[in-house]
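Chemist: My structure is below; once you've seen it, I'll send some questions.
Nothing in this text is a laboratory measurement; each read-out follows from the coordinates by a stated rule. Everything numeric in this text was worked out from a predicted model, so none of it was measured. Reconstructed Cβ throughout: ideal geometry from the backbone, glycine too, with neighbour counts over all protein chains shown.
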Amino acid sequence: MYVTPAPTRKDDPYYALRLGLAGSLAYLAVAILAPALPPLIAALPIGLIAAQRKGFNAGKALAGPIAMIVMVYVMSTLIAFLRPMPGVYIIVMWLTYFTGYYMILKTGAQAGMLIIVVAVLMSVMGMHGNVILMSMRDGFVQASLVTLVIIPIVFFIFPPKTKEMHVDEPVPTNRNVTLNACIRATVLSGLSFYIYTVMEPSDMMLAVIAAMVIVFPTRYAMLYEAKQRVMATCFGCVAATACLFIFSITPHLVVILLLIFLMGIYFGTRMLDSQRPSMVYQYAFSVALALIAGSLSSQDASYAIYTRLLLTLAGALVAALTVALCDWLLAIYIEHRVETPPSVSKHEQT
C-alpha cells in the first residue's frame, strides 16, 4: 500500500505548529459537543489533516471527510439490514474486506483502507445492537464535520510554504493479488468473528490494528508495520500519561489544550526530522489524543492505556504472523507446482 512520505521543512515549515493546533481544536470540539464517542472526535481529524503534504489541496482535504460520511451511512444501513441474518452478515463482511484488500493490492492506493476500517468498526458495533451502531455512525459523522471545520482554520493560520500539490504515487503488487486478498480477508474475518462472539465492542481496536498491518503485500513489510504500530502506540501512551498527570495537578481546559498543542508540536517536529517513518509519530499523536479524550470523559486512564497497548500488541502480532504463515505456505505450494513437471501419459510414452 502507498505510504505518504514525510513532510519537509522546505515545503511546509509550519507543519508541526499546524498539527498541534489541529489537535487542540479537535479536543476543544470534544469539550464543546460532549459527544458519545470522544476518542473518535479527537483522533479522526488528526489522521485526515496530518496526511496533507506540500501545498493545500482543498479537493483532497474535503474529499476525505465527505467520503467518510458517505461510507458510514452506506455501511450502517447495510449492517442494520443484515444483522438478523448472521450467516449472510459474515459472508458480506468477508466480501467487503476482500474488496478493500483487492483494491489496495491491485492499485496500491489507500482508498481500499477506508472501506476496510469503516467496515470493521461498523460491523463490530452492529453485532451488539442498532443503538450502538447508530451511535458509531453519528460519531463518525460528527468527527468528519469537525474535520471540515478545522481544516480551513489550521491551513489559514499556518499555511504551507510551497504551492506545489502533492501527487500520490501508489505502487501496485503483481504477486497473486486475488489469493493474497482472500488470505487477508479471511484472517480479518476471523478476528472480527472473535470480537463478535467473545469480546466487548470497546475491544474493536484489535481488528482495526490487524486491518492496518496486514494491508501490506509482503511478510517483511507486515512485520515491520506491526513493529511500528506497537512502537507508535507506546509513544502515544507515554505522551497521554504525561499530559494526564500534569492535568491532574491543574485541571483546567486551557491547560489540557496547551499540553495537546505542545505535544502536537513535538510529534510534528519528529515527523519532520526523525529517521523513523513519519507515520509512527502521526499515529502516536492520534493514540494520545484518543486516550486523553476517553480518559477525561468516562474511561479510567490506566485501564484505557493498558487495554490499548494490549489490543495493539495482540492485533498487530496475531494478524501479521498468521498472514505471514499463510503467505509462506502459499509460496511453498506455488514453488512446488512450478518445479513439479507435468505427468506423462502412457500413450505418449509408447
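Chemist: Tell me, what is the FRET efficiency for residue 309 and residue 111 to the nearest 0.05, using R0 = 25 angstrom and their Cβ-Cβ distance as r? Write out the running numbers ahead of the final one.
Modeler: Values: r = 30 Å, r/R0 = 1.20.
Calculated value: 0.25.
Chemist: Could you give the length gained on full extension between residue 262 and residue 31, defined as 0.36 nm per residue of separation minus the Cα-Cα distance, in nm?
Modeler: Working: separation 231, 0.36 × 231 = 83.16 nm, distance 1.84 nm.
Gain on extension, residue 262 to residue 31, equals 81.3 nm.
Chemist: With a 10 Å Cβ neighbour count serving as the proxy for reagent exposure, in which order, fewest first, do 123, 298 appear?
Modeler: Numbers: 123 28, 298 10.
Ascending Cβ contact count within 10 Å gives the list 298, 123.
Chemist: What Kirkwood hydrodynamic radius do you get for the range 58-217 when you take the inverse of the mean 1/r over all pairs of distinct Cα atoms, in Å? Don't jump to the answer; show the numbers that get you there.
Modeler: Working: mean 1/r = 0.0593 Å⁻¹.
Every distinct Cα pair counted, the radius reaches 16.9 Å.
Chemist: Still on this structure: Kindly flag which residue pairs out of 60/163; 10/227; 54/227 have an alpha-carbon separation exceeding 20 Å in this structure. It would help to have the intermediate numbers written out before the result.
Modeler: Values: 60/163 14 Å; 10/227 29 Å; 54/227 28 Å.
Cα-Cα > 20 Å for 10/227; 54/227; rest within.
Chemist: Could I ask something else about it? For mean projected area of the Cα convex hull in nm², the listed values are (1) 20.4; (2) 24.3; (3) 22.1; which was obtained by calculation from the structure presented?
Modeler: (1)
Chemist: Compute the FRET efficiency between residue 73 and residue 246 as 1/(1 + (r/R0)^6), taking r as their Cβ-Cβ distance and R0 = 56 Å, and round to the nearest 0.05. Please report the intermediate quantities before stating the final value.
Modeler: Details: r = 39 Å, r/R0 = 0.70.
According to the calculation, E is roughly 0.90.
Chemist: What's the exposure ranking of 81, 261, going from fewest to most Cβ atoms within 10 Å? If you can, show how the numbers build up before the last one.
Modeler: Working: 81 13, 261 19.
Result, fewest neighbours first: 81, 261.
Chemist: Sticking with this structure for a sec: Based on DSSP H runs of at least 4 residues, each adding -39500 (n - 2.57), what is the mean residue ellipticity at 222 nm of the chain after dividing by all its residues, to the nearest 500 deg cm²/dmol? List each step's numbers first, then the result.
Modeler: On the way: 13 runs with 265 residues, N = 350.
One gets -26000 deg cm²/dmol as the mean residue ellipticity at 222 nm.
Chemist: Can you sort 237, 243 so the residue with the fewest Cβ neighbours within 10 Å comes first? Can you show the working numbers first?
Modeler: Details: 237 20, 243 23.
Neighbour counts put them in this order, fewest first: 237, 243.
Chemist: To continue, here is another question. Work out, step by step, the length gained on full extension between residue 60 and residue 157: first 0.36 nm times the residue separation, then minus their alpha carbon distance; give nm to one decimal.
Modeler: Values: separation 97, 0.36 × 97 = 34.92 nm, distance 1.89 nm.
That works out to 33.0 nm of additional length.
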